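Q: Handing you a structure now.
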Amino acid sequence: MSYDLTQPALSSCLQLAFTKGLGKLTFGCLMEAFTSADKALQKTAVEWQQIGITEKIHRAAQTPCSQHTIHTIKTWLAQSQTHHIIGYNCPSYPPSFRELPDPPAILYARGNLSAFEHPNIAIIGSRQATPFGLKTTQKFAYELSLQGLSICSGLALGIDTCAHMGALSAKGVTVAFMGTGIDIIYPKSNQKIADTIIKENGLLVSELPLGTQPKGGNFPPRNRLICGLSTHGVIVIESKRTGGSMITARLAGEQGRDVFAVPGSIQSPLSEGCHLLIQQGAKLTQNTQDILDEINLPLLKQVIPNSTQNNLPNWDNEVNQLSPEQQKILTAMGYEIIRTEEIAKHTSFSPETLTTLLLTLELQGKIKALSGNRWQRIE
């Protein structure tokens, strides 16, 4: 796709996006009052002051986007036909984002923009998920993808990773919202998943400028976009009582989205958030049929597969190639039965990274889980 960054639909949005002191709420206020970035920039300081925006910010907004920024964006766009930039007033901008009080002025995307048009549902949860949570997530994402739903999540470790994996396993569409620049995959261990999302007609999305490195404060704001696109609701699988998943669930409720919560053990801290959501009115969700019944979505298939983690299809050959991290785990395991703690000692991976890597290897048929938190290599 060809992009003319001098066209008002893009240039005005870029100008406001890079205006110092003009945040997303202020941009949303401008759009509510003036409907487009181009019209907003044509208004006087007095007209901005009438909607609560200072003369200082109005003055700052009159400075065009720097040539360095324009050059950086043009260079990135030229690298691939799957690279896209979308302004608030562009036709491919998701209409549901315009309903947000703090819509992004600019979106950067990699992949197939038609993913925005699919019926979307989000799956979110803890980065430090248990094997139960990871397997449940992959199963839900797989089955919902078979019913024509696109799966939205955040490309983080744990639940997010398995949500994307489940959709890919079903050859479905998945959209990943990032807390970094679109050109920086975080965590790095998800590079292969990100590449596969693009290859399989999914989409990576970020509102942050190119080159933005991972910082804690950049991740919570992207959650409103996950909710905003997921018009069929948000599924929470494992969450503590506080944290990003609970913030996302609250945002979903504020945006009028259905919230589904999967219950777990009363002994697990990672079930406390889901149980609290159920007490507050979220739909108690035991299987994907509960979700389909609630959103009144007709089945594309007569029977939802009674899938288990052992019979879900593997990824294609590219995804099944082992990463250096996965190979390190297999080397540490040998062919003896080994406990998770021993693998951790030999590999030095963090608990959340190790859990995700072990699950990925299990899904690929390289290892199998045994009772007592033990594993065995089978390939």
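We did not get these values from a lab; they are worked out from the coordinates using the rules stated. Since the model is a prediction, treat every value here as computed from it, not as a measurement. Reconstructed Cβ throughout: ideal geometry from the backbone, glycine too, with neighbour counts over all protein chains shown.
Q: Multiply the residue separation of Lys215 and Gln327 by 0.36 nm, subtract the distance between their alpha-carbon atoms, and state the gained length in nm to one decimal.
A: Extra length available between Lys215 and Gln327 comes to 37.5 nm.
Q: Provide the per-residue ³J(HN,Hα) series for region 251-258, in order, calculated from phi with Karplus coefficients 6.51, -1.76, 1.60 and θ = phi - 60°, each as a whole number of Hz, with x at glycine and proline positions.
A: Computed from phi, the couplings for region 251-258 are 4, 4, x, 5, 8, x, 8, 5 Hz.
Q: Can you give the calculated 222 nm mean residue ellipticity of the chain, where each DSSP H run of n ≥ 4 adds -39,500 (n - 2.57) and the sum is split over every residue, rounded to the nearest 500 deg cm²/dmol?
A: Mean residue ellipticity, 222 nm, calculated: -12500 deg cm²/dmol.
Q: Please give, to one decimal in nm, the separation of the simple spin-label points placed at Thr82 and Asn373, each 7 Å out from Cα toward the Cβ.
A: 3.8
Q: Another one. Per-residue counts of other Cβ atoms within 10 Å, averaged by peptide: what ranking do you get for 110-116, 137-143, 32-38, highest first?
A: 137-143, 110-116, 32-38
Q: Also, I was wondering about something else. Please list 334-341, 102-109 highest first by mean number of surrounding beta-carbon atoms within 10 Å per residue.
A: Result, highest mean Cβ count within 10 Å first: 102-109, 334-341.
Q: Set the bar at 28 Å for Cα to Cα. Now go through Lys24/Lys139; Lys135/Lys199; Lys20/Lys199 and name every pair that lies beyond it.
A: The pairs that break the limit, which is 28 Å between Cα atoms, are Lys24/Lys139; Lys20/Lys199.
Q: Compute the length gained on full extension between Ile266 and Thr242: take 0.36 nm times their separation in residues and subtract their Cα-Cα distance, giving the result in nm to one decimal.
A: 7.0 nm
Q: Fewest first, what order do Tyr88, Tyr186, Tyr3 take by the number of other Cβ atoms within 10 Å?
A: Starting with the residue having the fewest Cβ neighbours, the order is Tyr3, Tyr186, Tyr88.
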